[in-house]
Structures are given as C-alpha cells and as structure tokens.
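In what follows, a structure is listed as structure tokens, so that the remarks can point back to it.
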Amino acid sequence: MTEIIFGIIAIIITVGVYAAMVPIHKKINTPFTQPIIAVSVIIIILLLVFNIPYETYQLGGAWIDFLMGPAVVALALPLYNHFERLKKLAVPILSGVTAGSFIGVSTGLLFTKLFGFERELILSIVPKSVTTPVAVSIAESLEGSMSLAAVFVVIAGVSGVLMSPLIFKLFKLSSPIGRGIGLGSASHAMGTANSMGRSELEGSISTIAMVISAVIVSVIAPILVIIML
Amino acid sequence: MVRLFRIITHIFFLYVLLLVGNFLQEAFQLFIPGSVIGMLLLFALLKLGIVKLRWIEEGTSLLLKHLTLFFIPVTVGFIEYFDAVFSVRGVLLLSITIISTALVMGGSGAVSEYLARRKEVQHD
C-alpha cells in the first residue's frame, strides 16, 4: 500500500515540476532551463535533501519509463509528415547523418577504450548521440547501463547546444541543412529544440536527423562494438 | 472525456506496435531495439495507407510534445553514479563525450552542407 502511495507521489512531483518548468523555459530560453535538465536536477536535489533512495523514486518513475517505448514509436510521425522534403534532400541528409553516426559511435568507443574504462561504461557511452529512449534500449541490448547511457545522452545534448555557435563557425555551417543535421545528429531532441528556435525548416531537418540517426546508430552500434572492442 | 479516451486508445495502439517490435526482435534475434522496429512499422503502415494519420494523430502528437517528460526518471538515475562522475574519471568521461559530440556535429553538418551545396550548383 505504502509503495503505491510513494509511487503516486513520485509521479505527481515529476509531472508537476515538469508542467511548471515548460512555461518557464518558454520565457527564459537557455539550455539549462530545458525541462529534461532542470526537472531532473530539481528531483535529484529533492531526493538528496530528503534522503530518498532512487529505488523508492522509481516506484513511480517506472510508470513514466513505461511510456518511453511508445514515445519512440511516435517518432514515425515527423518522419511521415516531412517525407517529401526528406526525399528531395535524401542524399545530403543520409550522408551527413551516416557520417555523424559513425563518428559518434567510433570516437566514443575509441576514446573510452584508450583510457582503459571498463566494458559496462564503454557500452553505455556508445549511443550518447541519439534520443534517450532509443539510447536506453541500445545500451540495454548491448548490456551497458541504462541510467548511465541516459546521463551521457544528456551531456551530449547540453554540451552540443552550448557549443553549437562555435561549431557552426569552425565547420562553416551556415545553412539550415548543415546546422539542422549537425544538431539533430549530435544532440538529439535538445539539438532539435534549439534548431526549431531558429527556423521551422532547420527544426524539421533536425527532427529528421534525430530520427534517422536513432535508426542508424541502433544498427551500427552492435557491429562497431564487435569490431572495435 | 471522449478526448482522453481517444488519446489513451492512440497510445495503446503505439504500445501494441512496440510489443510487435519487441516480438520481432526476439523472434529474429535482431540487434535493433524493439521500439525502433515499432517506429519503422508505424512509418510503413502510414506510408502504405493501412493506418490513417487521424487514427493515431492526437495521442502521438501528445507524446511527441512531451517527449522529454518520459526520460526524466532515467536521467534522475544519474544519482546512482554521483561518486563516479565527480572524480578524475568523471571529468575524463565528460571531456570524451563533449569532444565526440563536437566531432559528430561538425562532421555530419559539414558533409550535409557540402552535398546540398553541390546539388544546388548543379541545378543552377
């Protein structure tokens, strides 16, 4: 009985803080007010202050996790809606995203292996450039850690958005295609949200990049792990 | 009330596709996550006109709008790795992630932009 009550409280707090953060982020648009970052930080602080184990929080959190799978399936919608535009730009988009997926997985593997990190950790960093629900399932099927994978995804998201002005200059990315593909391939939903702020065209290209890179990385990650690890 | 029922039905349909995706992954020993297989299935069903957009649109859009909400609990799981992250190893991992992310963004963007430009030039 108490487990159910704890679970319900965890859900109410998570959804409540999220609902409060969404309008705040709309007003103050910084990477740090993005709900995924701000809400997670607030909940972590709450758990630490009240000395609540993660396990207890997950009595409710697991119910929210339950919707991650259907949410990935839902990503078919933007792909379907933008299919005509995608077809016209098929070659540049597919080439760019494929290049990005290979760079992301191989550098993640290479650098962590070079510094002698343990296997579970290496396998958790591999899917960092794709959206959390997919990254988590990739990490799970590679036998890495799901939570650790989610952490790397967030770091890739935040750092990508923060670095993007510099990267655009360094790599001379000035068109919505280059910028959208870059942000969507490297920083998933957080990058896409950032692109959407500049223009809807860049935003939709970024969405497409996020979806395609999720598919490509889930295919190449197990193969590259076998080759490189 | 009717709207809520509709949304639940839509999400339930997505969930069924997820189960089919998971089943296919198990049955054929595929290494692609079941959720991604489910997504590709939904895309194919929409494209082939077997599933109409309006049958699933409301629930699907709602999930997409609040995509980040669903991965908050997993991200909070970070708390279990606190000691590991705030250490030399943690800083090293942070640097690796940031450098790799910069390379992905620059590399993928540069390839796309170069190819898109070349295509434009050809069209002119």
| message | Can you find a residue that is open to solvent by less than 70 Å² (accessible area, probe 1.4 Å), modelled with pLDDT of 95 or more and more than 9 Å from every other protein chain (Cβ to nearest Cβ) anywhere in the stretch A:36-44? | response | yes
| field | Residue in the stretch A:160-169 that is nearest to the other protein chains (Cβ to nearest Cβ), counting only those that are at pLDDT below 95 and in contact with a Leu (Cβ under 8 Å, 6 or more places away or on another chain) | value | A:GLY160
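Yes or no, residue by residue, for (1) farther than 30 Å from A:PRO165 by Cβ; (2) in contact with a helix residue (DSSP H, G or I) (Cβ under 8 Å, 6 or more places away or on another chain); (3) in contact (Cβ under 8 Å) with a residue 40 or more places away in the chain:
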site	(1), (2), (3)
A:GLY16	yes, no, no
A:SER40	no, yes, yes
A:GLY60	yes, yes, yes
A:ASP65	yes, yes, no
A:ALA90	no, no, no
| note | In the stretch A:204-229, anything more than 11 Å from A:SER101 (Cβ to Cβ) and either surrounded by fewer than 23 Cβ atoms within 10 Å (Cβ to Cβ) or among the aliphatic types (A, V, I, L, M) (or both) is listed as A:SER204, A:ILE205, A:ILE208, A:MET210, A:VAL211, A:PRO222, A:ILE223, A:VAL225, A:ILE226, A:ILE227, A:MET228, A:LEU229
| Hey, among A:LYS172, A:LYS113, A:LYS128, which residue is among the basic types (Lys, Arg) and either facing another protein chain (nearest Cβ under 7 Å) or in contact with a Ser or Thr (Cβ under 9 Å, 6 or more places away or on another chain) (or both)? | A:LYS128
| Which residues, counting only those in the stretch A:8-34, are surrounded by 13 or more Cβ atoms within 10 Å (Cβ to Cβ) and under 16 Å from B:PHE70 (Cβ atoms)? | A:ALA10, A:ILE11, A:ILE13, A:THR14, A:VAL15, A:VAL17, A:TYR18, A:ALA19, A:MET21, A:VAL22, A:GLN34
| message | If a residue counts only when it is in contact with a helix residue (DSSP H, G or I) (Cβ under 6 Å, 6 or more places away or on another chain) and either buried (at least 22 other Cβ atoms within 10 Å of the Cβ) or at pLDDT below 95 (or both), which helices (runs of 4 or more DSSP H) contained entirely in the stretch B:1-119 have at least 3 such residues? | response | B:2-28, B:34-47, B:53-65, B:67-70, B:72-76
| query | With A:ALA71, A:ALA38, A:ALA10, A:ALA90 as the choices, which residue is within 24 Å of B:LEU42 (Cβ to Cβ) and outside the structural domain of A:VAL211 (by TED's automatic domain parsing)? | reply | A:ALA71
| Out of curiosity, is A:VAL49 more than 9 Å from chain B (Cβ to nearest Cβ) and farther than 12 Å from B:ILE72 by Cβ? | yes
| field | Search result, residues across the stretch A:99-110 that are open to solvent by less than 50 Å² (accessible area, probe 1.4 Å) and either over 17 Å from the mean Cα position of the chain (by Cα) or more than 7 Å from chain B (Cβ to nearest Cβ) (or both) | value | A:ALA99, A:SER101, A:VAL105, A:SER106, A:THR107, A:LEU109
| query | Which members of the stretch A:193-229 meet the condition of being closer than 15 Å to A:LEU142 by Cβ and away from chain B (no Cβ under 11 Å)? | reply | A:LEU224, A:ILE227, A:MET228, A:LEU229
| message | Of everything in the stretch A:117-132, what is hydrophobic (A, V, I, L, M, F, W, C) and buried (at least 24 other Cβ atoms within 10 Å of the Cβ)? Give them in sequence order. | response | A:LEU123, A:ILE125, A:VAL126, A:VAL130
| task | Scan the stretch B:69-79 and give yes if some residue there is more than 7 Å from chain A (Cβ to nearest Cβ) and either within 27 Å of A:VAL151 (Cβ to Cβ) or among the small types (Gly, Ala, Ser) (or both), otherwise no. | result | no
| request: Could you tell me whether any residue of the stretch A:156-178 is of a type in the set (Lys, Arg) and not in a helix (DSSP H, G or I)? | output: yes
| note | With criteria (1) over 18 Å from A:PHE152 (Cα atoms); (2) outside the structural domain of A:PRO133 (by TED's automatic domain parsing), A:ALA99 comes up short on (2)
| task | Could you tell me whether the stretch A:77-85 includes any residue that is within 19 Å of A:ILE8 (Cβ to Cβ) and open to solvent by 10 Å² or more (accessible area, probe 1.4 Å)? | result | no
| message | Go through the stretch A:45-77 and report how many residues are part of a helix (DSSP H, G or I) and under 19 Å from the mean Cα position of the chain (by Cα). | response | 13
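The values are calculated or read from the model by the stated rules, or taken from the named source; none is laboratory data. Worth saying up front: this structure is predicted, and the values here are computed from it rather than measured. Please note: Cβ atoms are built from the backbone with ideal geometry, for glycine as well, and neighbour counts cover all protein chains shown. All accessible areas refer to the heavy atoms of the entire protein, side chains included, with ligands and DNA or RNA removed. Shrake-Rupley method; radii C 1.70, N 1.55, O 1.52, S 1.80 Å.
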